[in-house]
Amino acid sequence: MRLAVVFLTVVLGNWLAVLQAGDWPSFRGANGDGIAGDEKVPTVWSRKQNIKWSTRLPRPGNGSPIVAAGCVFITSAEDVEGRRRSLYCLDRQRGTVKWIRTVEIGSTLPTHQTNPYGGSTPVSDGKRVVVWHASAGLYCYDIAGKPLWSRDLGEFRHMWGYGTSPIIYQDRIILFSGPGKRIFLGAYRLSDGKTLWETDEQQEGDGEHNDAGNYMGSWSTPVLTEVQSKTQVIVMLPTRIGAFSPDNGDLIWSCDGLRHERGDLAYSSPVIAGDLCFVTGGYRGPSMAVRLGGRGDVTRTGRLWHVENNPQNIGSGVHVSGMVYRPNAEKRNSLQCIEIATGKIRWSAPGAGHWGSVVMAGKLLYATDQQGNTVVFRPNPDEYEVVANNPLGEPSNSTPAVSEGQLYIRTAAHLFCIGH
């Protein structure tokens, strides 16, 4: 835990000055790695056991909850067409709705039936909360719900919808726009939304299909990491991994290898393991590990290994002691343990399939599957060691949040708070 605090202080700067201990302020936590340190949460629950509260949500959505300043924030559409998109603020102790801020968009944009509108996770610095509604804009509110600023960044049209989430670095919001005709990584001043920089990713095709007619797009949320005393923003672009400077958006290094015969696709976030970066492409795409610290195109010099075909992967894994515990969106290989230095699969376990990401708390791993069952298991590289299976009886495509001994899990109909 001490090492995690040191890391966060270096990388995230003044963000920690206003966050409370135990907050889960962004997608996959403050560090973007899904790890809640030594914090212990319940290992057993059901609809009748260890549920502190549940609050009904208006529509299903794949966006995950965050916890900051005594509140839980989550996105949801208000209508099936996605023309009214909302940010909800709930009291973390009681689950009561404190406020709702809704924005409207004049047309119905396409999405996939498995990705309802409300696919993005908000982010907070403890004083403000920022939400990305894709074509409906980027919005910032204070904790009481007062609108502070908004930005119209254009239309982001894709047949499968949107899903990337903003993160915070020091005084700025870092946003990867996600799929569309124009894709870019941008930084916007947290105080007023002013554009600090935008770096476009050159791509072929129309944003939905590449020149070969195969699917394309990235829904990956970036992660921050420290490399040689400098912070880098690492993001999975449709065909490659890119590492950018958060100060000016300059590309530091890139590594090819995500393109495959079914398309140019990325859904999950990079997993950082010391001086290594692990990724898995979408639609049964390649996995690979890259050594951090390079410059320019490191495909030949920095890529340790490359495995062409993998299970369908949407959720992100957690790194523990040289292993990545990866969730997959298929039944035969629902969870896997992968040796990051070699790509060797140590074990695979069947299940209902996962869209949400794995999180770690109290030295245990938690993974909520598409049926709303959360499996608790040990990070054991030798075998799949289950501690408990916990059903909620409703589908879920989201990632749990962990805060002050409690789990927050979004299902198709509710937001649940699980605690003793």
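When the range 68-95 is filtered for residues that are within 14 Å of residue 126 (Cα to Cα), in contact (Cβ under 8 Å) with a residue 60 or more places away in the chain and touching a Pro at 6+ places or on another chain (Cβ under 7 Å), the ones remaining, listed by number, are 68, 72. Contact map, the range 250-270: residues that are closer than 19 Å to residue 314 by Cβ paired with residues that are part of a strand (DSSP E or B) and among the polar types (S, T, N, Q), Cβ distance under 6 Å, separation 6+ or inter-chain. Pairs shown: 266/218; 268/280.
The strands (runs of 3 or more DSSP E) found wholly in the range 146-196 and carrying at least 2 residues that are buried (at least 16 other Cβ atoms within 10 Å of the Cβ) and more than 17 Å from the chain's Cα centre (by Cα) occupy 147-151, 184-189. Cβ-Cβ distances below 6 Å connect the following pairs, each with a first residue in the range 171-186 that is closer than 12 Å to residue 237 by Cα, a second residue that is acidic (Asp, Glu) and outside any loop (DSSP other than H, G, I, E, B), and a separation of six or more residues or different chains: 184/198; 184/200. Here residue 395 passes the criteria (1) in contact (Cβ under 8 Å) with a residue 24 or more places away in the chain; (2) touching a strand residue (DSSP E or B) at 6+ places or on another chain (Cβ under 9 Å) except the one numbered (2). Of the candidates 332, 300, 284, 326, the single residue that is within 12 Å of residue 271 (Cα to Cα) and either of a type in the set (D, E, K, R) or in a loop (DSSP other than H, G, I, E, B) (or both) is 326. In this structure, residue 293 does not qualify as under 23 Å from residue 165 (Cα atoms) and in a loop (DSSP other than H, G, I, E, B). The set of residues in the range 361-375 being surrounded by fewer than 22 Cβ atoms within 10 Å (Cβ to Cβ) and in contact with a strand residue (DSSP E or B) (Cβ under 6 Å, 6 or more places away or on another chain) consists of 364, 373. Note on the range 364-383: residues that are in a loop (DSSP other than H, G, I, E, B) and either at pLDDT below 95 or touching a Ser or Thr at 6+ places or on another chain (Cβ under 8 Å) (or both) total 6. Of the residues contained in the range 287-302, none is found to be surrounded by fewer than 22 Cβ atoms within 10 Å (Cβ to Cβ) and within 19 Å of the chain's Cα centre (by Cα). Among residues belonging to the range 227-241 that are assigned to a loop (DSSP other than H, G, I, E, B) and touching a residue at least 12 places away in the same chain (Cβ under 8 Å), point out the one that is surrounded by the fewest Cβ atoms within 10 Å (Cβ to Cβ). The residue in question is 228.
The values are calculated or read from the model by the stated rules, or taken from the named source; none is laboratory data. What you are looking at is a predicted structure, and each value in this text was computed from that prediction instead of being measured. In this analysis, Cβ positions are derived from the backbone assuming ideal geometry, glycine residues included, and neighbour counts consider all displayed protein chains.
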